[in-house]
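Q: One structure is given below, represented as structure tokens, and several questions about it will come after.
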Amino acid sequence: AQTVTQSQPEMSVQEAETVTLSCTYDTSENNYYLFWYKQPPSRQMILVIRQEAYKQQNATENRFSVNFQKAAKSFSLKISDSQLGDTAMYFCAFMKPGTYKYIFGTGTRLKVLA
Amino acid sequence: DTAVSQTPKYLVTQMGNDKSIKCEQNLGHDTMYWYKQDSKKFLKIMFSYNNKELIINETVPNRFSPKSPDKAHLNLHINSLELGDSAVYFCASSQGGGQWNTEAFFGQGTRLTVV
């Protein structure tokens, strides 16, 4: 069974600094998807970034980028120029096509300090 | 226009009652889900439906009964509510299921409190 591990329960970063959130996963599959979701205090789950396992290039979305290491089964999220609005829980998620479920990690609570 | 909407946003009820949560998506997706988020923020799949057919029932008690009248709707009915059912319930949808998938789009969640 696939598992997703986020080893950092809480992190903090100064405004305008860069922070990296870690995620590792366990699978024997070759084709899958990885995601980072943000959950601010409003409770809404918001997609931050997605990565297809067959793509070697790391995904980027503005200030958000990932470091996808397929052999190491690692999928970290880098947030550059952190903003106060980035304060939220961040969840890493794994999805194997055809399984009809997204498997989430336990989350990292990120606090951006003014 | 909200892509995935669920109602109500908050639900406070007594033990033993029966309640329903409704979910609708206007994205044209063919797969819908119910997730439960516990007090430690852990998100766990409960059910998934593809084209109105139940695909996953992740060892959820029989008191929970999902119903999908069409591809755009997935409701959750809970009988005989227990204190341990208190949680945030998320509805989500996605497109795909074969060899490709979109990301999941989530509703705003329903905070259920059983007293």
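The values are calculated or read from the model by the stated rules, or taken from the named source; none is laboratory data. All values reported here derive from a predicted model rather than from experimental measurement. So basically every Cβ, Gly included, is an ideal-geometry build from the backbone, and we count neighbours across all protein chains shown.
Q: Scan the stretch A:78-98 for residues that are charged (D, E, K, R), in a loop (DSSP other than H, G, I, E, B) and within 24 Å of B:Tyr35 (Cβ to Cβ) and jot them down.
A: A:Lys96
Q: Search the stretch A:26-47 for residues being surrounded by fewer than 19 Cβ atoms within 10 Å (Cβ to Cβ) and more than 16 Å from B:Gly107 (Cα to Cα), and hand back the single one that is nearest to the other protein chains (Cβ to nearest Cβ).
A: Among residues in the stretch A:26-47 that are surrounded by fewer than 19 Cβ atoms within 10 Å (Cβ to Cβ) and more than 16 Å from B:Gly107 (Cα to Cα), the one nearest to the other protein chains (Cβ to nearest Cβ) is A:Asn31.
Q: Kindly indicate which of B:Asp70, B:Asp85 is acidic (Asp, Glu) and buried (at least 17 other Cβ atoms within 10 Å of the Cβ). Break it down into steps so the answer makes sense when it comes.
A: Values: B:Asp70 fails: buried (at least 17 other Cβ atoms within 10 Å of the Cβ).
Step by step, each of B:Asp70, B:Asp85 is checked, and only B:Asp85 is acidic (Asp, Glu) and buried (at least 17 other Cβ atoms within 10 Å of the Cβ).
Q: Any idea which residue in the stretch B:4-48 is surrounded by the most Cβ atoms within 10 Å (Cβ to Cβ), counting only those that are under 11 Å from B:Ala72 (Cβ atoms) and within 11 Å of another protein chain (Cβ to nearest Cβ)?
A: By that ranking, first place goes to B:Met32.
Q: Right, A:Arg50: closer than 21 Å to B:Trp100 by Cα, within 14 Å of another protein chain (Cβ to nearest Cβ) and part of a strand (DSSP E or B) or not?
A: Here the answer is yes, as A:Arg50 does meet what is asked.
Q: Just for the stretch B:58-94: of the residues that are within 11 Å of chain A (Cβ to nearest Cβ) and over 24 Å from B:Val115 (Cβ atoms), which one is nearest to the chain's Cα centre (by Cα)?
A: Among residues in the stretch B:58-94 that are within 11 Å of chain A (Cβ to nearest Cβ) and over 24 Å from B:Val115 (Cβ atoms), the one nearest to the chain's Cα centre (by Cα) is B:Ala92.
Q: What's the number of the condition B:Glu103 fails, among (1) within 15 Å of A:Ile103 (Cβ to Cβ); (2) assigned to a strand (DSSP E or B)?
A: (2)
Q: Shifting gears a bit: Which members of the stretch A:2-31 meet the condition of being closer than 18 Å to A:Val48 by Cα, among the hydroxyl-bearing types (Ser, Thr, Tyr) and in a loop (DSSP other than H, G, I, E, B)?
A: A:Thr18, A:Ser22
Yes/no per residue for (1) crowded, with 21+ Cβ neighbours inside 10 Å; (2) within 12 Å of chain B (Cβ to nearest Cβ); (3) at pLDDT 95 or above:
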residue	(1), (2), (3)
A:Gln56	no, no, no
A:Gln69	no, no, yes
A:Ala88	yes, yes, yes
A:Pro97	no, yes, no
A:Gly107	yes, yes, yes
A:Leu110	yes, no, yes
